[in-house]
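Comments concern the structure below.
The values are calculated or read from the model by the stated rules, or taken from the named source; none is laboratory data. Not measured: the values here are computed from a predicted model. Here the Cβ positions follow ideal geometry from the backbone for every residue, glycine too, while neighbour counts run over all protein chains shown.
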Amino acid sequence: MDEKRMLNIVEQYSRQSVMADGEIKVTRVPDWNTVYVEQFGEMGRAIIMTEYKVDGKTFWAGYSSRSQTVFVSRA
C-alpha cells in the first residue's frame, strides 16, 4: 500500500473513527505500539508501523496485505 493511501486512511480514522476503507479494514491496537504481531492460528506476523501526524495528533499505522487490515495505534 502506498504512503498516500495510508495517510488518507489514518486521517479518516482520526477525524471520523472510520473502521473500513473499501476492502481495507481498520483495527485499533493498544496505544504506543510501533510493532504489532498479527496472529493466524499458532503463527504470527510482525507488522512494522510508520508514524503519521494528523491535526496535531500522532498515530502509528501499519498494513497487513495478508488480512487487508490497517492497524492503528495512538501515540
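Quick notes on this one:
- Checking each residue in the stretch 1-32 for being small (Gly, Ala, Ser) and part of a helix (DSSP H, G or I) picks out only 14.
- Scanning the stretch 61-73 for residues that are farther than 13 Å from residue 26 by Cβ and either in contact (Cβ under 8 Å) with a residue 40 or more places away in the chain or assigned to a strand (DSSP E or B) (or both) gives a single hit, 65.
- The set of residues in the stretch 27-51 being more than 14 Å from the chain's Cα centre (by Cα) and farther than 15 Å from residue 70 by Cα consists of 40, 41, 42, 43, 44.
- Selection within the stretch 33-44 - assigned to a loop (DSSP other than H, G, I, E, B) and modelled with pLDDT of 95 or more: 34
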